[in-house]
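The values are calculated or read from the model by the stated rules, or taken from the named source; none is laboratory data. Quick caveat: nothing in here was measured; it's all calculated off a predicted structure. All Cβ positions, even for glycine, are placed from backbone atoms using ideal geometry, and neighbour counts span all protein chains on display. All accessible areas refer to the heavy atoms of the entire protein, side chains included, with ligands and DNA or RNA removed. Shrake-Rupley method; radii C 1.70, N 1.55, O 1.52, S 1.80 Å.
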Amino acid sequence: MLLEQLLIQPITRIDLIQPWRVAGQNVGMVADSLLAGAMAIHFADSALVFRSPLRFACCQTGTVVGIRSSGAPLTLGYRFDVVPSDDVDGLFAACEPRRSLTPDQWSGLSRVGRAQSVFLLADLSCLGRDYFLRLRLLDRGWCSVSYRPDLDGAIEFSPENQRVKVPSIVVQSPDDEFGWLHPASAYPFVLDGQYWRTAHPRDWPWPLARAWRSQPTGSEYRRIVKAALLARFAQHDTLRKRLKALRWPVTVADLPEGLVEEVVALM
């Protein structure tokens, strides 16, 4: 099914899968942009689906739209497909966090079109070496669908060619954006022949947990949690790719300052 089949149709809703989460902020929204690991823009019977190869193993590369002068494939970064609306739920695990918005619930859409905005045209644009899809909506102009590997591989849906800026990342819990960096995030691993449910001290083997209670902020704690994080990322390919793509300063609760950067350098 081609994009042309969606022309002159109104947007009925936008599904955000793995929406951007920051404590105290509207889920999936940063300024006038929508951010999520995947996104489905629904029309009458079909949906335009965008998926991040950094988040979803089934999408190893972005959609190829051409060939660079070097002979390398030119991609959008993300993968996009047009599928029947009823099939969208089957593309993602039922446990994935989601949020659905009507067009009038997104402030950015009010700047590029009206509620029930009609899709008129699509084309490709570029910013530097990055190509992205633009959608032309009735009355107000263009909006952009961009791939943000610097923001944990998020898909960004924004007015015109705007790109949201996130000056720093603060992770207070595994439920926050970049929560997979938190030691309590549930990505089990094996270290020194023992199974660890998480890298948090409450899940450490008993002798180590006992030593930590006597020295909770010392060098030994840093050594152990560093070894635990290295084991976690070594044994989870998708997490390792997300870690290597990290481009922003990050502060993670329960981790010593600078430890994330040390782990990145060693991976």
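Checked against the criterion of being assigned to a helix (DSSP H, G or I) and touching a helix residue (DSSP H, G or I) at 6+ places or on another chain (Cβ under 6 Å), region 8-21 contains not a single residue that satisfies it.
With respect to (1) under 19 Å from W248 (Cα atoms); (2) among the hydrophobic types (A, V, I, L, M, F, W, C); (3) assigned to a helix (DSSP H, G or I), the lone exception for L208 is condition (1).
Has region 221-232 got at least one residue that is open to solvent by 10 Å² or more (accessible area, probe 1.4 Å), touching a His at 6+ places or on another chain (Cβ under 9 Å) and modelled with pLDDT of 90 or more? No. I'm checking my understanding of the structure. Among residues of region 126-140 that are over 18 Å from the mean Cα position of the chain (by Cα) and open to solvent by less than 10 Å² (accessible area, probe 1.4 Å), which one is nearest to W248 (Cα to Cα)? Ranking the qualifying residues of region 126-140, first place goes to L135.
Under the condition of being closer than 12 Å to A227 by Cα and in a loop (DSSP other than H, G, I, E, B), which residue from region 183-197 is least open to solvent (accessible area, probe 1.4 Å)? Filtering region 183-197 for residues that are closer than 12 Å to A227 by Cα and in a loop (DSSP other than H, G, I, E, B), the one least open to solvent (accessible area, probe 1.4 Å) comes out as P183. Within region 50-64, is there a residue that is open to solvent by 70 Å² or more (accessible area, probe 1.4 Å), more than 13 Å from the chain's Cα centre (by Cα) and farther than 25 Å from T238 by Cα? No, region 50-64 contains no residue that is open to solvent by 70 Å² or more (accessible area, probe 1.4 Å), more than 13 Å from the chain's Cα centre (by Cα) and farther than 25 Å from T238 by Cα.
Kindly evaluate R163 against the criterion of being within 29 Å of V225 (Cα to Cα) and open to solvent by 10 Å² or more (accessible area, probe 1.4 Å). Against the criterion (within 29 Å of V225 (Cα to Cα) and open to solvent by 10 Å² or more (accessible area, probe 1.4 Å)), R163 does not qualify. Residues of region 159-174 that are assigned to a loop (DSSP other than H, G, I, E, B) and among the aliphatic types (A, V, I, L, M): V164, V166. Name the single residue, out of those in region 43-79 being basic (K, R) and touching a residue at least 40 places away in the same chain (Cβ under 8 Å), that is nearest to V145 (Cα to Cα). The qualifying residue nearest to V145 (Cα to Cα) is R51.
Identify, please: which residue in region 211-220 is of a type in the set (G, A, S) and assigned to a helix (DSSP H, G or I) and is, among those, modelled with the lowest pLDDT? Within region 211-220, the match that is modelled with the lowest pLDDT is S214.
Within region 249-258, identify whether any single residue is part of a helix (DSSP H, G or I), hydrophobic (A, V, I, L, M, F, W, C) and open to solvent by 20 Å² or more (accessible area, probe 1.4 Å), and answer yes or no.
Checking region 249-258: not a single residue is part of a helix (DSSP H, G or I), hydrophobic (A, V, I, L, M, F, W, C) and open to solvent by 20 Å² or more (accessible area, probe 1.4 Å).
All of E177, E156 fail the test of being assigned to a strand (DSSP E or B) and within 15 Å of the chain's Cα centre (by Cα), apart from E156. The numbered conditions (1) modelled with pLDDT of 85 or more; (2) more than 27 Å from H42 (Cα to Cα) are all true for S168 except (1).
Picking from V22, V82, V30, which residue would you name as being in contact (Cβ under 8 Å) with a residue 40 or more places away in the chain, surrounded by 12 or more Cβ atoms within 10 Å (Cβ to Cβ) and more than 30 Å from S173 (Cα to Cα)? That would be V82, the only listed residue that is in contact (Cβ under 8 Å) with a residue 40 or more places away in the chain, surrounded by 12 or more Cβ atoms within 10 Å (Cβ to Cβ) and more than 30 Å from S173 (Cα to Cα).
When F50 is tested against the conditions (1) closer than 12 Å to Y131 by Cα; (2) modelled with pLDDT of 80 or more, the lone failure is (1).
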